[in-house]
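Working notes, structure below.
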Amino acid sequence: MIWREASNSMSFTSHMQAALAEAIAAAARGEVPCGAVVVGPEGVVSKAGNRTRELNDPTAHAEILAIRAACTALGQERLTGYDLYVTLEPCPMCAAAISNARIARLYYGAADPKSGGVAQGPRVFEHATCHHKPEIYDGIGAQASEELLREFFAKRR
């Protein structure tokens, strides 16, 4: 998220379009279309799409790859003060990584009733053992994210 001062008011700039572009690229590679973008005061720090099949790595979700790339680029293990935009509600594994990375704000598009870990399923951030809970904003670009997922899975059936 980028806040800009303008006439004594704050304005919000969404980076969900960049996450959607990563999701579209993931779908073109035959991956589940999920994209993620890490944003800080300096702007976009990293972007990624799912690569689980390409890398033969079940942890290569867009969120994990974007967090790893941001930490590497910044030379730090935590992303305190940084935002994460994701096209799909993070799964429990990714929610735990978001917490461990100390992401400040999570913006996601489509809800994931089957595999989500934020508002669905285990609701990772609600557990007493969760050390950090980001601010959460859901439904950002949800329609475009849902449509992309529907089209992807319709072609697979």
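The values are calculated or read from the model by the stated rules, or taken from the named source; none is laboratory data. It should be emphasised that the depicted structure is a prediction, and the values quoted were computed from it without experimental measurement. So basically every Cβ, Gly included, is an ideal-geometry build from the backbone, and we count neighbours across all protein chains shown. Surface areas here come from the heavy atoms of the whole protein model, side chains and all, with no ligands, DNA or RNA. Shrake-Rupley method; radii C 1.70, N 1.55, O 1.52, S 1.80 Å.
Filter the stretch 32-50 for residues that are surrounded by 17 or more Cβ atoms within 10 Å (Cβ to Cβ) and either among the acidic types (Asp, Glu) or out of contact with any strand residue (DSSP E or B) (no Cβ under 9 Å at 6 or more places or on another chain) (or both) and give the result.
Residues satisfying the conditions do not exist here.
Any idea which of ARG53, ARG29, ARG68 is crowded, with 16+ Cβ neighbours inside 10 Å, modelled with pLDDT of 95 or more and not hydrophobic (A, V, I, L, M, F, W, C)?
Criteria check complete, one pass: ARG68.
Could you please find all residues in the stretch 79-98 being under 17 Å from ALA18 (Cβ atoms) and among the polar types (S, T, N, Q)?
THR87
Go through the stretch 101-115 and give me each residue that's open to solvent by 10 Å² or more (accessible area, probe 1.4 Å) and within 12 Å of LYS133 (Cβ to Cβ).
ARG102, ALA104, ARG105
Of all residues in the stretch 116-149, count the ones that are within 15 Å of ASN100 (Cα to Cα), surrounded by 19 or more Cβ atoms within 10 Å (Cβ to Cβ) and free of Cβ contacts under 8 Å to residues at least 40 places away in the same chain.
So the count comes out to 4.
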